[in-house]
1. Can you pull out the residues in region 60-88 that are without any contact (Cβ under 8 Å) to a residue 60 or more places away in the chain, among the hydrophobic types (A, V, I, L, M, F, W, C) and under 19 Å from Glu26 (Cβ atoms)?
2. Looking only at residues that are hydrophobic (A, V, I, L, M, F, W, C) and in a strand (DSSP E or B) in region 1-18, which one is modelled with the lowest pLDDT?
3. Only one residue in Ser48, Ser41, Ser57, Ser53 is of a type in the set (Ser, Thr, Tyr), surrounded by 12 or more Cβ atoms within 10 Å (Cβ to Cβ) and free of Cβ contacts under 8 Å to residues at least 60 places away in the same chain, so which one is that?
4. Using beta carbons and a limit of 7 Å, which pairs, at least six apart or on different chains, have the first residue in region 16-37 and farther than 14 Å from Tyr81 by Cβ and the second one of a type in the set (Gly, Ala, Ser)?
5. More than 15 Å from the chain's Cα centre (by Cα), under 17 Å from Val3 (Cβ atoms) and not in a loop (DSSP other than H, G, I, E, B): which single residue out of Met31, Met37 fits that description?
6. Working only within region 40-59, note down all residues that are more than 19 Å from Ile24 (Cβ to Cβ), assigned to a loop (DSSP other than H, G, I, E, B) and under 17 Å from the mean Cα position of the chain (by Cα).
Amino acid sequence: MLVREIDLLGTQGCHLCDEAEKVIHEFNEMMLPHDFMVNFSQLDVATSENLVSTYGSRIPVIIDKVTFAELDWPFDLKTLYEFLRACS
């Protein structure tokens with residue numbers, strides 16, 4: 001099974017971050033029969049001044065842990081898939 005490792009940057013109380021997490025879960029449900037999934041960690045930008053200054057106005061943001069490529073919101077299943085393919 002191919003597993004992509006990503007970080008989801010957001011913060012508590014961010015409804016867009018909740019939506020981004022739903023997209024990732026839906027992606028995994030859709031792709032699981034095809035032996036492909038995303039393993040993600042959530043990072044709260046409020047824990048670091050550097051993260052707030054860099055990503056505070058852009059969250060939610062996905063960062064590929066291998067290539068460090070970034071995908072800003074808004075994204076959907078197709079956009080997430082294309083992003084992950086480009087990071088391969």
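1. The answer is Val61, Ile62, Leu71, Trp73, Phe75, Leu77, Leu80, Phe83.
2. That would be Leu2.
3. None of the other options fit; the residue is Ser48.
4. Cys17/Gly10; Ala20/Gly10
5. When all the criteria are applied, what remains is Met31.
6. Answer for region 40-59, where residues must be more than 19 Å from Ile24 (Cβ to Cβ), assigned to a loop (DSSP other than H, G, I, E, B) and under 17 Å from the mean Cα position of the chain (by Cα): Gly56, Ser57.
The values are calculated or read from the model by the stated rules, or taken from the named source; none is laboratory data. For clarity, every value in this text was computed on a predicted model and none was experimentally measured. So basically every Cβ, Gly included, is an ideal-geometry build from the backbone, and we count neighbours across all protein chains shown.
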